[in-house]
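The values are calculated or read from the model by the stated rules, or taken from the named source; none is laboratory data. Just so we're clear, the structure is a prediction, and the values are computed from it rather than from any experiment. Because the Cβ atoms are built from the backbone with ideal geometry, glycine has one as well, and the counts that use them run over all protein chains shown.
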Amino acid sequence: MSALRTPNERVCENCGRIERWDDDRESWRVEEAGDTFCIHEWDINGDFLPFDDEADHTADAGDAADRRD
Ligand SMILES: [Zn+2]
């Protein structure tokens, strides 16, 4: 049991590239190529939601929510 989260799969938030960790080779194996020229933004926390959520905008509004009637 460990508190440390070791992701064995990672997804690029920009191009949708998927890589899976290969224990035997101790390297990432490409599952889904995505964009070759992308500077991959790995979602290793699992926070990434592929769909734009309304909660996102509410969090952005912050102060404005206080003044709303
Ligand atoms: Zn990418």
For the structure I just gave you, tell me whether E13 is at pLDDT 60 or above, touching a strand residue (DSSP E or B) at 6+ places or on another chain (Cβ under 6 Å) and either among the hydrophobic types (A, V, I, L, M, F, W, C) or surrounded by 11 or more Cβ atoms within 10 Å (Cβ to Cβ) (or both).
no
Return the pair list, or none, for Cβ contacts closer than 7 Å from residues in the range 24-37 that are away from the ligand (no atom under 11 Å from the Cβ) to residues that are aliphatic (A, V, I, L, M) and not in a loop (DSSP other than H, G, I, E, B), at least 6 apart or on different chains.
E31/I18
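At pLDDT 90 or above, surrounded by 10 or more Cβ atoms within 10 Å (Cβ to Cβ) and in contact with a Lys or Arg (Cβ under 9 Å, 6 or more places away or on another chain): does that describe C38?
Spelling it out, C38 is indeed at pLDDT 90 or above, surrounded by 10 or more Cβ atoms within 10 Å (Cβ to Cβ) and in contact with a Lys or Arg (Cβ under 9 Å, 6 or more places away or on another chain).
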